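Visitor: The structure that follows is given in the form of structure tokens.
The values are calculated or read from the model by the stated rules, or taken from the named source; none is laboratory data. Treat the numbers as computed from the prediction; the structure is a model and nothing was measured. Backbone-built Cβ (ideal geometry, glycine too); neighbour counts: all protein chains shown.
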Amino acid sequence: MSEILVSSPAAERFSAEQAVAAGTDFAELRVGPQGLFWNEFRPRDGACRIWHWRDGQARCLTPDGFSVRSRVYEYGGGSFCLSDDGLVFVNEADQQLYAQALNGSAPQALTQGERRYGDLRWANGEVLAVEESHGAEQVEHRLVAISAQQREVLAEGADFYASPTLSADGARLAWIEWSRPEQPWTATRLLCRERLADGRFGAPRCIAGGEGPAQSLQQPRFDAAGRLYCLSDCEGFWQPWGETDRGWAALPAALADHAAAPWQLGASTWLALGEQQYLATWFEDGFSRLGLHDADGSLQQVDIDYSRLRCLDLDQEHLYAIAASATRPPAVIAINRRDHAVTVLAGGVPPLPAERISRPRPLRYPSGEGVAHGFFYPAMNGAKRPPLIVFIHGGPTSACYPALDPRIQYWTQRGFAVADLNYRGSSGYGRAYRQALHLRWGEIDVEDACAVVSHLAGRGLIDPDQAFIRGGSAGGYTTLCALAFHDVFRAGASLYGVSDPQALARATHKFEGDYLDWLIGDPLADAERYRQRTPLLHAAQIKVPVIFFQGELDAVVVPEQTRSMLAALKANGIRAEGYFYPSERHGFRTAANLAHALEEEWKFYRQVLATG
């Protein structure tokens, strides 16, 4: 038996409600002549609101009844942009564009109808956006320019679009596009249109990604002189490339990913400043680094005490970012460009005293024929060999980061160690590591989840007989596969997790419509492979308790999947619990539901441990 735990006064003081309340996050930020703006999510009501910082004061701009969030590609992103006299945003409820002045007047609708919008950019009095329309037969995407007077289609015909970007002089329009069956992290193209003498744009020209080996491109940028740049992984990592005197070429850069997988639109992890000059953040062993790169190839690293940085912007005096560290949750920060002093503008308040926070230790361990990565968080009750919870992130082409997560602290306060995994197939470690999941989902991710238990046990850090596994979405699939095909874990939790990949392929949305083919194979030609990796078909092999949490409005993993898995386990006499939330989609957002799920999961594990 482990040295449990089961609760302590300190643990009880950090409740599920407190852990959820500490989950305030920030989606994006923009800086302009009128100040700094950011999008802030607060779990207490599940809404996203724009805040405006100027002259040392912050005020909320989003009135009651509005929430700023895009649902293009279901995952959204790029939900607002700054205009000449205010901002334009996507309202979550109807997915339409609204213009909002800064004088306190009510937002005014710019669009109406059934279309969705995301990845907003303001250019020459218009909003550039990715537009999504849902027809009776298919979902279509295009790039558009929208003003109060008109809507103009800028690009159409490809399956997906991202990052519409106009040069400062308005002469060049660039964007990213890709076609099925590719995903934005497997193969995309960088396109550009030049403005003609009559003011119209000429025919699109492919700058990169059209020929040769597949490459993923993201975040195109123009500098002040109109030169085009972009992140490309054609040499193994997402690094800056651009128009130079040597033609389209790589810029001097760290041998590392300068971005995460683009699940959401509107990312900003680097900025082009001038000829081969740029500001960027990149990953080293999962930790974010920040630096200014000069044209001569030199690097001025900005050393600040933050382990994850995203959503970069800048003005003459400051660099801005959304940042988090091992002891501080996400915050909007300003970094003085002269002395690198950091000012926290919003967020960043730790939910616990520093001495009570479990700090992440980088994990690099052997698994199968490769090496896997992640972060280990020691239990905070002093137990020598505590029980372990293995966290599996969603995606699965995504990542976890060494930044304070109140949910992880909730568990470490209760005597659990946590292994937060970046299994093979995660982003942040280069293209080869990311592509390792190709046709092997349900194998190597599961292998990595099991291997971390033996690795940590071999170092005397955990009790291998008291290991648990949990995951949401794709992480729920890895969880269920681990429970069905391996005898490693005492119990598991699936949050809106995939139990039937073929059913997911039939029911999921366009953005992920071909993802399962890449992860496992063709559902018809590789039917046996699907059968072997479908937890629902092997429910009889699960011999340990499982708890499920599911949103009834989920369009990614439909509720019927979870109900089928739950029923199969109960029919086999396995202890299984299920909680279904009528108002939740894919990924819970309401504070009460988040806290309820966390508390029920804790009760579930405690009961499992009490059985010996």
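Rundown of residues vs (1) crowded, with 24+ Cβ neighbours inside 10 Å; (2) in contact with a Phe, Trp or Tyr (Cβ under 9 Å, 6 or more places away or on another chain), yes/no style:
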position: Leu196; (1), (2): no, no
position: Phe201; (1), (2): no, no
position: Gly226; (1), (2): no, no
position: Asp245; (1), (2): no, no
position: Pro252; (1), (2): no, no
position: Gln276; (1), (2): no, yes
position: Phe283; (1), (2): yes, yes
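Visitor: Which one of Tyr306, Tyr229 is under 28 Å from Asn39 (Cβ atoms) and within 21 Å of the chain's Cα centre (by Cα)?
Guide: Of Tyr306, Tyr229, the one residue that is under 28 Å from Asn39 (Cβ atoms) and within 21 Å of the chain's Cα centre (by Cα) is Tyr306.
Visitor: Please return the ranges of helices (runs of 4 or more DSSP H) entirely within the range 425-525 where 2 or more residues are touching a strand residue (DSSP E or B) at 6+ places or on another chain (Cβ under 6 Å).
Guide: 444-458, 474-485
Visitor: Of (1) at pLDDT 95 or above; (2) within 23 Å of Phe468 (Cβ to Cβ); (3) crowded, with 20+ Cβ neighbours inside 10 Å, Thr562 satisfies all except one. Which?
Guide: So the condition that Thr562 fails would be (1).
Visitor: Can we say Cys450 is modelled with pLDDT of 95 or more, under 23 Å from Gln239 (Cβ atoms) and in contact with a His (Cβ under 8 Å, 6 or more places away or on another chain)?
Guide: Spelling it out, it is not the case that Cys450 is modelled with pLDDT of 95 or more, under 23 Å from Gln239 (Cβ atoms) and in contact with a His (Cβ under 8 Å, 6 or more places away or on another chain).
Visitor: Let me ask something else about it. Can you give me the number of residues within the range 567-612 that are assigned to a loop (DSSP other than H, G, I, E, B) and either under 24 Å from the mean Cα position of the chain (by Cα) or loosely packed, with under 15 Cβ neighbours inside 10 Å (or both)?
Guide: 13
Visitor: If you go through the range 157-168 one residue at a time, do you hit one that is surrounded by 19 or more Cβ atoms within 10 Å (Cβ to Cβ) and more than 28 Å from the chain's Cα centre (by Cα)?
Guide: Within the range 157-168 (the criterion being surrounded by 19 or more Cβ atoms within 10 Å (Cβ to Cβ) and more than 28 Å from the chain's Cα centre (by Cα)), the answer is no, since none of the residues qualifies.
Visitor: Which one is modelled with the lowest pLDDT among residues in the range 15-61 that are in a loop (DSSP other than H, G, I, E, B) and among the acidic types (Asp, Glu)?
Guide: Asp45
Per-residue answers, yes or no, for (1) assigned to a strand (DSSP E or B); (2) among the β-branched types (Val, Ile, Thr); (3) under 18 Å from the mean Cα position of the chain (by Cα); (4) under 25 Å from Gly394 (Cβ atoms):
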| residue | (1), (2), (3), (4) |
| --- | --- |
| Gln219 | yes, no, yes, yes |
| Gly236 | no, no, no, yes |
| Trp241 | yes, no, no, no |
| Asp257 | no, no, yes, yes |
| Thr281 | yes, yes, yes, yes |
| Ser288 | yes, no, yes, yes |
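Okay, residues lined up against (1) part of a strand (DSSP E or B); (2) in contact with a Phe, Trp or Tyr (Cβ under 6 Å, 6 or more places away or on another chain):
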site	(1), (2)
Arg338	no, no
Thr343	yes, no
Pro350	no, no
Ser358	no, yes
Phe375	yes, no
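Visitor: Which one of these is among the small types (Gly, Ala, Ser), out of contact with any Gly (no Cβ under 8 Å at 6 or more places or on another chain) and over 28 Å from Leu437 (Cα atoms): Ala171, Ala155?
Guide: Result: Ala155 is the single residue among Ala171, Ala155 that is among the small types (Gly, Ala, Ser), out of contact with any Gly (no Cβ under 8 Å at 6 or more places or on another chain) and over 28 Å from Leu437 (Cα atoms).
Visitor: Scanning for something closer than 24 Å to Ala260 by Cα and of a type in the set (Ser, Thr, Tyr), does the range 113-126 turn up at least one residue?
Guide: There is at least one residue in the range 113-126 that is closer than 24 Å to Ala260 by Cα and of a type in the set (Ser, Thr, Tyr).
Visitor: So, in the range 140-172, exactly how many residues are in a strand (DSSP E or B) and touching a Ser or Thr at 6+ places or on another chain (Cβ under 7 Å)?
Guide: Total meeting the criteria: 2.
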